[in-house]
Amino acid sequence: MNGYTPRSEVRTRVLIRSQLRRAGPVRDACVLDVSTRGLLATCANPPKRGAFVELVIHGQPLTGQVKWSNGRRFGMT
């Protein structure tokens with residue numbers, strides 16, 4: 001067994017520029033995929049698991065909690 005678990009739903013690949021807000025300065029980020037349960041994003045120095053953050057996408061704020069972080073990528077719901 002390789003540890004692979006199929007995803008429970010389809011994700012839509014996107015490439016959306018955004019700004020990441022949390023404690024500290026605003027940083028550029030990029031959303032890479034989305035689903036009804038969350039999103040995958042990338043940025044320099046991503047937030048740690050458990051952090052509450054705000055992504056601003058096309059001027060609209062999206063607040064969520066980071067569920068995982070690895071390298072430059074992170075997932076939030």
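Before moving on, here are some points about what is shown:
- Screening Leu39, Leu15 for residues that are at pLDDT 95 or above and open to solvent by less than 90 Å² (accessible area, probe 1.4 Å) leaves exactly one candidate, Leu39.
- The range 28-48 residues that are farther than 17 Å from Thr12 by Cβ, paired with ones that are open to solvent by 30 Å² or more (accessible area, probe 1.4 Å) (beta carbon under 6 Å, 6 or more apart): Cys43/Arg27; Pro46/Ser69; Pro47/Arg22; Lys48/Ser69
- Restricting the range 49-66 to residues that are open to solvent by less than 70 Å² (accessible area, probe 1.4 Å) and out of contact with any Ser or Thr (no Cβ under 7 Å at 6 or more places or on another chain), the residue that is nearest to Glu9 (Cα to Cα): Val66
- Restricting attention to the range 21-36, the residues that are at pLDDT 95 or above and among the aliphatic types (A, V, I, L, M) add up to 4.
- Checklist (1) part of a strand (DSSP E or B); (2) open to solvent by 40 Å² or more (accessible area, probe 1.4 Å) applied to Asn45, failing item: (1)
The values are calculated or read from the model by the stated rules, or taken from the named source; none is laboratory data. In this text the structure is predicted, and so the values were computed from the model without any measurement. Reconstructed Cβ throughout: ideal geometry from the backbone, glycine too, with neighbour counts over all protein chains shown. Note: areas computed on protein heavy atoms with side chains; ligands, DNA, RNA excluded. Shrake-Rupley method; radii C 1.70, N 1.55, O 1.52, S 1.80 Å.
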